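See structure below.
The values are calculated or read from the model by the stated rules, or taken from the named source; none is laboratory data. Predicted model only: the values in this text are computed from it and were never measured. We place every Cβ from the backbone using ideal geometry, glycine too, and count neighbours over all the protein chains shown. Heads up: the accessible areas ignore ligands, DNA and RNA and are worked out on the full protein's heavy atoms, side chains in. Shrake-Rupley method; radii C 1.70, N 1.55, O 1.52, S 1.80 Å.
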Amino acid sequence: MKILVLNCGSSSLKYQFIDMDTEKVIAKGLCERIGIDGSQLTHKVPGKEDFEEITPMPTHQTAVELVMKALTDKEHGVISDVSEISAVGHRVLHGGNKYSDPVIVNDDVKKVIRECFDLGPLHNPANLMGIEACEKAMPGTPNVAVFDTGFGMAMEPKAYMYAIPYEYYEKYHIRRYGFHGTSHKFVSNETIKFGNLPEGHRKVIVCHLGNGASISASIDGKCVDTSMGLTPLEGLIMGTRSGDVDPAVVQFIADHENISVDDVLTILNKKSGILGLSGISSDFRDVLQADAEGNERAKLANAAFRYRVVKYIGAYVAAMNGVDAITFTAGFGENNVDSRVMICDALSYLGIKIDKEANKERGKNMCISTPDSKVKVFVIPTNEELSIARDTLSLIK
Ligand code: AMP
């Protein structure tokens with residue numbers, strides 16, 4: 001069976017086409033600048049030259065049609081007819097209070113995705129457009145929604161409730177949801193499998209450290225706590241997001257800069273994090289480079305980032321009354337050898353010992369702790385698309 005995985009943003013559409021017998025990607029690509037001048041499709045097939053097409057894409061519907069055309073094209077296609085697509089798995093940001101597990105899309109699912117527009121204003125409308133475009137382009141092919149908030153829905157109320165008047169939870173479902181759920185689910189399950197963690201020893205902390213960053217604590221693959229909240233702004237310091245701040249900061253900046261609350265939230269989402277602290281870049285590589293060259297604010301940004309990670313890990317060890325494995329994933333987590341050592345060195349009180357040679361490798365599942373380390377430490381590359389494809393397959397089988 002072949003599954004198409006779609007990840008629609010407000011002006012982009014990423015896709016992967018996966019053969020589920022081998023779990024190999026047979027084609028993948030990106031539609032950029034949907035609804036903006038200069039729209040472009042980039043289609044990649046392993047072993048073939050990339051295909052690029054600059055053509056107007058006024059809507060996600062046009063983008064989906066172009067993807068279908070690219071997949072079935074005589075030269076750069078990989079199937080002869082769209083009927084070879086068994087199902088489409090969609091990454092959907094927010095499933096609100098109603099959906100946690102992946103579901104086959106029907107009218108109720110679309111209604112819930114629409115009701116959550118205010119909780120995911122950039123993503124949920126685009127996710128719904130992607131689903132409706134597939135329904136039109138491939139009538140009869142099942143669409144499956146996999147929610148980024150799904151993993152966090154297993155949290156207990158004591159972990160997900162904000163201590164604000166209860167009526168806001170009842171009226172507006174204000175609570176902590178958590179995001180990056182597909183990644184946390186995939187990586188925590190891979191940690192259990194790859195690490196051969198026996199029953200009763202499956203307390204796992206996953207550090208998803210990328211441009212967006214979050215940490216989860218799970219037992220037996222079930223989320224106990226996760227660092228993002230009502231929106232992806234809460235928690236760790238990220239590329240451009242502040243992570244945790246005292247909410248009073250919002251009013252203070254608004255008053256002193258004479259700007260609106262909306263403006264302050266844009267600053268906290270887009271101009272803060274390591275970009276805001278360093279004043280250099282939102283990309284960790286740039287900030288690490290500047291740090292190495294002696295830039296003080298870059299040094300501060302990196303130190304603050306690592307400190308927050310260490311603090312969350314400590315909190316989650318306490319929340320679970322222990323930890324069996326800590327796993328690093330995503331762009332920074334998978335690639336930054338030195339920061340992993342610094343973070344783990346700060347956790348030496350847990351009896352963690354890193355194997356410095358093993359820690360040098362990249363691009364595959366790795367155990368980077370020594371055999372006598374009290375807590376196992378892994379690096380496991382995340383694969384959200386494969387996780388969505390697996391969920392989709394299990395629903396349509
Ligand atoms: P992601 O959002 O998972 O794609 O991760 C993107 C982030 O990972 C960017 O900030 C990159 O700078 C960072 N990243 C990728 N490779 C490295 C590396 N070797 N060292 C540090 N950061 C990296």
Check whether at least one residue in segment 268-283 is under 24 Å from the mean Cα position of the chain (by Cα), within 25 Å of residue 123 (Cα to Cα) and open to solvent by 60 Å² or more (accessible area, probe 1.4 Å), and report yes or no.
yes
Hits in segment 309-338 - residues which are of a type in the set (S, T, N, Q), touching a residue at least 60 places away in the same chain (Cβ under 8 Å) and part of a helix (DSSP H, G or I)
none
Within segment 284-308, residues being over 15 Å from residue 335 (Cβ atoms), within 12 Å of the ligand (Cβ to nearest atom) and open to solvent by 50 Å² or more (accessible area, probe 1.4 Å) number 1
Of the conditions (1) more than 14 Å from the ligand (Cβ to nearest atom); (2) touching a Ser or Thr at 6+ places or on another chain (Cβ under 7 Å); (3) not β-branched (Val, Ile, Thr), residue 365 clears all except one; give me its number.
(2)
Reported set for segment 249-267 where residues are open to solvent by 50 Å² or more (accessible area, probe 1.4 Å) and under 26 Å from the mean Cα position of the chain (by Cα) is 262, 263, 265, 266, 267
Kindly provide the set of residues from segment 371-395 that are open to solvent by 30 Å² or more (accessible area, probe 1.4 Å) and of a type in the set (Val, Ile, Thr), ordered by number.
382
Does residue 240 meet the test of being of a type in the set (Val, Ile, Thr) and under 26 Å from residue 101 (Cβ atoms)?
no
Some residue of segment 373-385 being in a helix (DSSP H, G or I), more than 30 Å from residue 28 (Cβ to Cβ) and at pLDDT 95 or above
no
Contact list please: Cβ distance under 7 Å, first residue in segment 278-300 and without any contact (Cβ under 8 Å) to a residue 24 or more places away in the chain, second residue among the charged types (D, E, K, R) and near the ligand (Cβ under 9 Å from one of its atoms), pairs at least six apart or on different chains.
280/286
Test residue 80 against the criterion of being out of contact with any His (no Cβ under 9 Å at 6 or more places or on another chain) and without any contact (Cβ under 8 Å) to a residue 12 or more places away in the chain, and give yes or no.
yes
Filter result for residue 303 (free of Cβ contacts under 8 Å to residues at least 12 places away in the same chain and in contact with a helix residue (DSSP H, G or I) (Cβ under 9 Å, 6 or more places away or on another chain))
yes
Being open to solvent by less than 50 Å² (accessible area, probe 1.4 Å) and farther than 19 Å from residue 154 by Cα is the filter here, so list the residues in segment 85-107 that pass it.
85, 86, 87, 88, 89, 90, 105
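Residue-wise test of (1) assigned to a helix (DSSP H, G or I); (2) in contact with a strand residue (DSSP E or B) (Cβ under 9 Å, 6 or more places away or on another chain); (3) free of Cβ contacts under 8 Å to residues at least 60 places away in the same chain; (4) among the polar types (S, T, N, Q).
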residue: 98; (1), (2), (3), (4): no, no, yes, no
residue: 113; (1), (2), (3), (4): yes, yes, yes, no
residue: 118; (1), (2), (3), (4): no, no, yes, no
residue: 121; (1), (2), (3), (4): no, no, yes, no
residue: 128; (1), (2), (3), (4): yes, yes, yes, no
residue: 145; (1), (2), (3), (4): no, yes, yes, no
So, of the residues in segment 51-84 that are part of a loop (DSSP other than H, G, I, E, B) and charged (D, E, K, R), which turns out to be surrounded by the fewest Cβ atoms within 10 Å (Cβ to Cβ)?
74
Taking segment 181-229 as the search range and keeping residues that are part of a helix (DSSP H, G or I) and under 28 Å from residue 169 (Cα atoms), which one is nearest to the ligand (Cβ to nearest atom)?
183
Within segment 1-50, count every residue that is hydroxyl-bearing (Ser, Thr, Tyr), part of a strand (DSSP E or B) and closer than 21 Å to residue 145 by Cα.
1
For segment 27-39, which residues satisfy the criterion of being open to solvent by 40 Å² or more (accessible area, probe 1.4 Å) and more than 19 Å from residue 127 (Cα to Cα)?
37, 38
Among the residues of segment 223-238, is any open to solvent by 60 Å² or more (accessible area, probe 1.4 Å) and of a type outside the set (Asp, Glu)?
no
Any chance residue 324 is open to solvent by 30 Å² or more (accessible area, probe 1.4 Å), of a type outside the set (A, V, I, L, M, F, W, C) and within 12 Å of the ligand (Cβ to nearest atom):
no
Within segment 1-34, of all residues that are among the β-branched types (Val, Ile, Thr) and closer than 12 Å to residue 67 by Cβ, the one modelled with the lowest pLDDT is 34
Got a sec? Which of 389, 303 is within 19 Å of residue 187 (Cβ to Cβ) and not in a loop (DSSP other than H, G, I, E, B)?
389
